[in-house]
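Shown next, in structure tokens, is the structure this report addresses.
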């Protein structure tokens with residue numbers, strides 16, 4: 001059942017609290033050593049990926065220049 005009940009604060013007066021909006025957050029908990037290891041591994045993996053894509057492009061299109069700009073890729077959060 002819907003009611004038009006007025007909300008009151010702790011003092012008994014009419015509450016002036018309003019919901020202004022919501023936000024979405026990502027909270028990361030990490031260990032420094034694991035984070036450093038992860039970052040080193042990530043750099044190595046992206047280098048291997050770029051080298052592999054460059055080799056594949058040279059094989060398929062030997063006359064065309066291949067430009068792979070990592071800055072144009074979206075983050076995992078950006079894909080959601």
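All but one of (1) loosely packed, with under 10 Cβ neighbours inside 10 Å; (2) in a loop (DSSP other than H, G, I, E, B); (3) at pLDDT 80 or above hold for residue 6; state the number of the condition that does not hold.
For residue 6, the exception is condition (3).
Tell me which residues, restricted to region 58-71, are surrounded by 10 or more Cβ atoms within 10 Å (Cβ to Cβ) and over 21 Å from residue 43 (Cβ atoms). Even if it seems obvious, please write down each step before you answer.
Residues of region 58-71 that are surrounded by 10 or more Cβ atoms within 10 Å (Cβ to Cβ), as a first pass: 58, 61, 66, 68.
Matches in region 58-71: 58, 61.
Taking the conditions exactly as written (modelled with pLDDT under 85 and not in a loop (DSSP other than H, G, I, E, B)), does residue 71 satisfy them or not?
Details: modelled with pLDDT under 85: yes; not in a loop (DSSP other than H, G, I, E, B): yes.
The answer is yes for residue 71.
Given the condition at pLDDT below 85, at positive phi and either exposed (fewer than 10 other Cβ atoms within 10 Å of the Cβ) or under 33 Å from the mean Cα position of the chain (by Cα) (or both), answer yes or no: does some residue in region 11-19 qualify?
yes
Just give me the residues in region 24-68 being more than 15 Å from the chain's Cα centre (by Cα), modelled with pLDDT of 85 or more and not in a helix (DSSP H, G or I), in sequence order.
Of region 24-68, the ones more than 15 Å from the chain's Cα centre (by Cα) are 30-68.
Adding the requirement that they be modelled with pLDDT of 85 or more leaves 30-67.
Correct list: 30, 31, 61, 62, 63, 64, 65, 66, 67.
The values are calculated or read from the model by the stated rules, or taken from the named source; none is laboratory data. As the structure is a computational prediction, the values presented were derived from the model and not from experiment. Every residue, glycine as well, gets a Cβ built from its backbone with ideal geometry; the counts of neighbours run over all protein chains shown.
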